[in-house]
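Input: a single structure, listed below in structure tokens.
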Amino acid sequence: MERKVNVYSLDGKPVKSIKLPEVFQTSFRPDIINRAVLAAQTHRLQPKGVNKKAGQRNTAESLGPGRGISRVPRIKGGGTPAAHQGAFAPGMRGGRQAHPPKVEKVIRKEINKKERLLAIRSAIAATANKERVSKRGHRIEDILEIPLVLVDDFEKLQKTSEVREVFQAIGVYNDILRASIKKIRPGKGKMRGRKYKRKKSALIVVGENNGIYKAARNFTGVDICEVRNLNTELLAPGGHCGRLVIWSESAITQLESLFS
């Protein structure tokens, strides 16, 4: 069924209406979207391992039973404090790892080209579903319309203050503020270099970058992408579909030819 949406000016007023491309009618396939996101994430991983002799370059040997001490391997050497120092075994100071990472382990997930394309099409269609966008956590109470399409002048903005005014005019700024609040992660992740959790806000999709990248990059949670570089990670971060997307008119017109 043909669906039309309004194209809004930078001050939030409708200028004209356009027909949505057929890609927005793609069926919802969260299973394939999740597979595509997982494949993209694993393609950034690098196989790693340890030296086969790591933790074993010592003279450690067990003294055996009958001495009133545990039978862990101990470094040889008479009369020194190191004489009873455990080594070699897992759990000992300077000992080997019990189950070290191996470069042979297959950590890269693959996905067929047609499935990846279907995942992108399905993720694009999910961004036009108001219920899924709301369920993902975005604040859409004041947003003019979903999907939200702006005139191509949006691509030419040069200053962050100009983009902020547009966000306020089209009702997206509340969601930007939601994503700007960072929270401390529960659990041991705090000790592993990922103490704070950041939320995702709007995704800006343009036909061509004429300054919008530099103007909008300082907003927390906002991503900017040219339509030809769209992928499932941007459209469904973490595999969760229904991201709030702001399209430029030229990006909408290019969609069908790119993802047909």
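The values are calculated or read from the model by the stated rules, or taken from the named source; none is laboratory data. Computed from a predicted structure; not experimentally measured. Counting neighbours? That spans all protein chains shown, and the Cβs are built from the backbone with ideal geometry, glycine included.
Odds and ends about this structure:
- Residue match in the stretch 99-120 (condition: within 30 Å of Ala169 (Cβ to Cβ), among the β-branched types (Val, Ile, Thr), modelled with pLDDT of 95 or more and not in a helix (DSSP H, G or I)): no
- Residue within the stretch 155-167 that is crowded, with 19+ Cβ neighbours inside 10 Å, in contact with a helix residue (DSSP H, G or I) (Cβ under 6 Å, 6 or more places away or on another chain), of a type in the set (D, E, K, R) and free of Cβ contacts under 8 Å to residues at least 60 places away in the same chain present: no
- Enumeration of residues in the stretch 59-80 that are out of contact with any Lys or Arg (no Cβ under 9 Å at 6 or more places or on another chain) and under 23 Å from Gly94 (Cα atoms): Ile69, Ser70, Arg71, Val72, Pro73, Arg74, Ile75, Lys76, Gly77, Gly78, Gly79, Thr80
- Residue pairs meeting the criteria (Cβ under 8 Å; at least 6 apart or on separate chains; first free of Cβ contacts under 8 Å to residues at least 24 places away in the same chain, in the stretch 108-124; second hydroxyl-bearing (Ser, Thr, Tyr) and assigned to a helix (DSSP H, G or I)): none
- Matching residues, the stretch 190-230, being of a type in the set (Ser, Thr, Tyr) and over 18 Å from the mean Cα position of the chain (by Cα): Tyr213
- Matching residues, the stretch 198-214, being out of contact with any Cys (no Cβ under 8 Å at 6 or more places or on another chain) and in contact (Cβ under 8 Å) with a residue 24 or more places away in the chain: Lys199, Lys200, Ser201, Ala202, Gly207, Glu208, Asn209, Asn210, Gly211, Ile212, Lys214
- Failed item in (1) on the phi < 0 side of the Ramachandran plot; (2) modelled with pLDDT of 90 or more, with Lys76 passing the rest: (2)
- Scanning the stretch 121-133 for residues that are in a helix (DSSP H, G or I) and not β-branched (Val, Ile, Thr) gives Arg121, Ser122, Ala123, Ala125, Ala126, Lys130, Glu131, Arg132.
- When residues of the stretch 3-41 are limited to those that are within 12 Å of Gly239 (Cβ to Cβ) and small (Gly, Ala, Ser), the one surrounded by the most Cβ atoms within 10 Å (Cβ to Cβ): Ala36
- In summary, Val23 fulfils each of the numbered conditions (1) aliphatic (A, V, I, L, M); (2) touching a strand residue (DSSP E or B) at 6+ places or on another chain (Cβ under 7 Å); (3) not in a loop (DSSP other than H, G, I, E, B) with the single exception of condition (2).
Residues are listed down the side, and each one gets a yes or a no for (1) outside any loop (DSSP other than H, G, I, E, B); (2) touching a His at 6+ places or on another chain (Cβ under 7 Å); (3) not hydrophobic (A, V, I, L, M, F, W, C):
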{"residue": "Ser17", "(1), (2), (3)": "yes, no, yes"}
{"residue": "Ser27", "(1), (2), (3)": "no, no, yes"}
{"residue": "Gln41", "(1), (2), (3)": "yes, no, yes"}
{"residue": "Ala54", "(1), (2), (3)": "no, no, no"}
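- Any hit, the stretch 137-145, residues being part of a helix (DSSP H, G or I) and either among the hydrophobic types (A, V, I, L, M, F, W, C) or buried (at least 17 other Cβ atoms within 10 Å of the Cβ) (or both): no
- The sole residue among Gly94, Gly49 that is part of a loop (DSSP other than H, G, I, E, B), under 33 Å from the mean Cα position of the chain (by Cα) and surrounded by 12 or more Cβ atoms within 10 Å (Cβ to Cβ) is Gly49.
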